[in-house]
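Step one of this worksheet: look at the structure below.
The values are calculated or read from the model by the stated rules, or taken from the named source; none is laboratory data. Just so we're clear, the structure is a prediction, and the values are computed from it rather than from any experiment. Here the Cβ is made from the backbone with ideal geometry for all residues, glycine too, and neighbour counts use every protein chain on show. What goes into the accessible areas is simple: the full protein's heavy atoms, side chains included, and nothing from ligands, DNA or RNA. Shrake-Rupley method; radii C 1.70, N 1.55, O 1.52, S 1.80 Å.
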Amino acid sequence: MKLLVACAVLSLATALPQRRVSLKPEQPLDDQQQAEQNYNAYQQQPQQQPQPDYRQQQADYRQQPQQQEYRQKPIEDFRPKIEIDSTTFIPILRFDKEQGTDGSYKTAYETGNNIQAEEQGFLKAVGENQDALVQQGTYTYTAPDGQVITVEYTADEFGFRVKGDHIPTPPPVSAEIQKGLDLIYAGIKANQERAALEAKNNPEAARQQEERAALDYKGQYYQQ
């Protein structure tokens, strides 16, 4: 009986897979073995999904119906609405224009609501090989209160000047201020007359004085 049990145990031990057991501690893997182990583990993992195409997602999002409805919706205007009802046609009663070959011209027009305008222009020599366009004109219209407004203007090398009875004017200058201004203008005129007389009697001194004044103007002060 003992012999049969011993044979059974021996047969079972022979049938089971053999496993070697080492009593030595496990040695750490070197870099090559660690790399192979990581590669084998990576190969056994399931394949990751491909990265989504964000450009395609944006294009699909733009083509969605709600996006199209948002784009087609008009933007509400919160600004105040001003409605002007006008059914009156204003005709041009007269329009004349003359153009000269020397640059001069004349023009005039008149409308059905009592607007009249005239203007003329010509070229004026203001320097060596330099011309300026001079424009002079006037226009008249009726203000909402019924007042007839007439404006006269001139534009030349001195700027734009305008005249009209409706244009506000500054208050008159007081007598004290006017007296001071008269003294200043008189001094300027006396200096100009003195400089002209000196230039006539002593041209060389006048020339030197002009040179000194030019240096003073440029910030290069001369020595006395």
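If I filter the range 101-113 down to residues being of a type outside the set (Ser, Thr, Tyr), more than 14 Å from residue 135 (Cα to Cα) and open to solvent by less than 80 Å² (accessible area, probe 1.4 Å), which single residue comes out as modelled with the highest pLDDT? This residue is 110.
Taking the range 87-143, which residues are basic (Lys, Arg) and in contact with an Asp or Glu (Cβ under 7 Å, 6 or more places away or on another chain)? Across the range 87-143, the qualifying residues are 94, 106, 124.
Listed here are the residues, each with its yes/no results for (1) among the aliphatic types (A, V, I, L, M); (2) modelled with pLDDT under 90; (3) under 27 Å from residue 96 (Cβ atoms); (4) surrounded by 14 or more Cβ atoms within 10 Å (Cβ to Cβ).
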site	(1), (2), (3), (4)
122	no, no, yes, yes
125	yes, yes, no, no
131	no, yes, yes, no
141	no, no, yes, yes
157	no, yes, no, no
162	yes, no, yes, no
169	no, yes, no, no
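Report whether or not residue 90 is among the aliphatic types (A, V, I, L, M) and over 23 Å from residue 162 (Cα atoms). For residue 90, the condition - among the aliphatic types (A, V, I, L, M) and over 23 Å from residue 162 (Cα atoms) - is met. Check whether at least one residue in the range 80-97 is under 18 Å from residue 156 (Cβ atoms) and either aromatic (Phe, Trp, Tyr) or more than 38 Å from the chain's Cα centre (by Cα) (or both), and report yes or no. For the range 80-97, residues under 18 Å from residue 156 (Cβ atoms) and either aromatic (Phe, Trp, Tyr) or more than 38 Å from the chain's Cα centre (by Cα) (or both): absent.
Mind listing whichever residues of the range 171-184 are part of a helix (DSSP H, G or I) and open to solvent by 50 Å² or more (accessible area, probe 1.4 Å)? Break it down into steps so the answer makes sense when it comes.
Let us first name the residues in the range 171-184 that are part of a helix (DSSP H, G or I), namely 175-184.
Result: 175, 176, 177, 178, 179, 181, 182, 183, 184.
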